[in-house]
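Structure, as structure tokens:
The values are calculated or read from the model by the stated rules, or taken from the named source; none is laboratory data. Only a predicted model underlies this, so the values are computations on that prediction, with no experimental measurement involved. Counting neighbours? That spans all protein chains shown, and the Cβs are built from the backbone with ideal geometry, glycine included. Each accessible area value is taken on the protein alone, full model and side chains, heavy atoms only, with ligands, DNA and RNA left out. Shrake-Rupley method; radii C 1.70, N 1.55, O 1.52, S 1.80 Å.
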Amino acid sequence: MSGGGGEEGESLEFTPTWVVAAVCTVIVAISLAAERLLHYGGKFLKAKDQKPLYEALQKIKEELMLLGFISLLLTVTQNGITKICVPPGFTRHMLPCSLDLAPNLESHFQTFYFPGTPRRLLAATAEEHAPPHSQAETGTETGFCARKNKVPLLSVEALHHLHIFIFVLAVVHVTFSVLTVIFGGARIRQWKHWEDSIAKQNYATDQVLKPRVTQVQQHDFIRDRFSGFGKDSAIVGWLISFSKQFYGSVTKSDYVTLRHGFIMTHCRSNPKFNFHKYMIRALEDDFKKVVGISWYLWLFVVIFLLLNINGWHTYFWIAFIPVILMLSVGTKLEHVITQLAHDVAEKHAAIEGDLVVQPSDEHFWFHRPRVILFLIHFILFQNAFEIAFFFWIWVTYGFDSCIMGQVRYIIPRLVIGVFIQVLCSYSTLPLYALVTQMGTHYKRAIFNDHLQQNIVGWAQKAKRRKEQKADRNPGQGSSQESGNTGIQLGSIFPKKASGPGNSSSAPKADGTS
């Protein structure tokens, strides 16, 4: 009998050895197959020189290791948890299901949770009718607490279901994150023909040397983003930005203009810079942060489990959180492009050469483009949480479970989940990949892996030489070398954000947008 007193079966002492060996063989085989799959996946990504995706795979391994530890911890502490006894009145408040449904829960061996029910619990009944060799086992946690006129804090069955939910949540989150990046990356790769057409123009000498004057108001980028009704109205501008994320979120004129602004700001000496390849590398680098489950996301799970009270329909209302956040993020990203267009249109009537926008962190929330990545991370997790919770309830308790809720609450949740997944993959994520390049700083993904390693290695050697010189000549020369080294490294890997009065003509790549 199980620790909860309600599950059928015997302990390992009275289980045939062939059953134990067969089950262990299947579990070990599946585990080894999964481990080998991840291993060969990592080797494939390394062979394809996909270091960011390889690091994302390592992050998935870390999450699986965390799940394994949670599983082990729940298993080891199971007996201790189920032996924590509390008065029956403690279990009558903040329930996911109404007490009126208590008689229907007898099949789950939870009759002992509700005062007023017969004191002869199912576990006690099972103990009386159990064979002699299992009577010692049926004196379980339920019987342990019942002898004290109390109930277990958490039954073995409830602990087992909670264990399954945590595993399902992590698996669904990782799966949805991978699918989002795959579909979003496919959308972004469709822009490659824009990059190729620009490269052909750069190689055409007659086009490069041909002098031209651009009428700002006639430029496609300005005409689409600035001209027309409501161009001077902030409210209309936000409404247009909101609606544009649903259709044609990024046009060729947007891509070409933002690309040119990025190159003229950060890579002026290299007009043939492959902006599309850099953008893909930057997105892959960010993906390894999105695929993980941070501590604050686990905190959100705990808060939801606390507030999932009968009658509150918490599972329904929290479904609107990712929708609101995603629409806000998409609107903000579109509005950043609009702001860039306004800045140029308000300053110039005509310019010589191509239209140039000025990237700046001031266009983003809190002057930090990184906030967008944090919100996308939370949106993907929240959506995965909703879907995982639905399937977990369906498989564990059935579609008619009181925890599942009424159909009029279930259908909108599923529709919202699908809507979030599609819009985030094909609109929000591509917008993020492009627009967050319009920050003050560029990302370290602008360097290839080999160059990144060389820069880091050079920086470490320079630091060691400075320390050795300082040891040999205390107080002499160290300050000068330190200052020279700081100038060279400050533009690439600054330790702290520079003050508002500090500026440098050298481009910066501090790992943030």
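Name the residues of region 151-169 whose amide N is less than 20 Å from a point 7 angstrom out from the Cα of F69 along the C-beta direction? The answer is 163-169.
Taking only protein heavy atoms into account and a 1.4 Å probe, give the accessible area per residue of region 45-104 in Å².
I get 65 Å² per residue for this part.
Model label sites at V23 and F246, defined 7 Å from Cα along the beta-carbon direction, differ in position by 5.3 nm. Compute the FRET efficiency between K192 and E467 as 1/(1 + (r/R0)^6), taking r as their Cβ-Cβ distance and R0 = 60 Å, and round to the nearest 0.05. FRET efficiency, K192 to E467: 0.85. You can think of it this way: the chain between R147 and H313 has 56.1 nm of extra reach, that is 0.36 nm per residue less the Cα-Cα gap. On the beta carbon distance between C97 and S269, with R0 = 56 Å, the FRET formula returns roughly 0.25. Along region 367-379 the Karplus relation, 6.51 cos²θ - 1.76 cosθ + 1.60 evaluated at θ = phi - 60°, assigns HN-Hα couplings of 6, 9, x, 5, 4, 4, 5, 4, 5, 4, 4, 5, 4 Hz to successive residues, with x for each Gly and Pro.
If packing is taken as the average count of other Cβ atoms within 10 Å, what order do 143-151, 431-439 fall into, highest mean first?
431-439, 143-151
Taking each residue as 0.36 nm, the span from L327 to A47 lengthens on full extension beyond its C-alpha to C-alpha distance by 97.0 nm.
For a quick protection proxy, order the peptides 319-325, 54-60, 235-241 by their average other-Cβ count within 10 Å, most packed first. Please list the in-between numbers first.
Details: 319-325: 17.0, 54-60: 18.9, 235-241: 15.4.
With the highest mean Cβ count within 10 Å placed first, the list reads 54-60, 319-325, 235-241.
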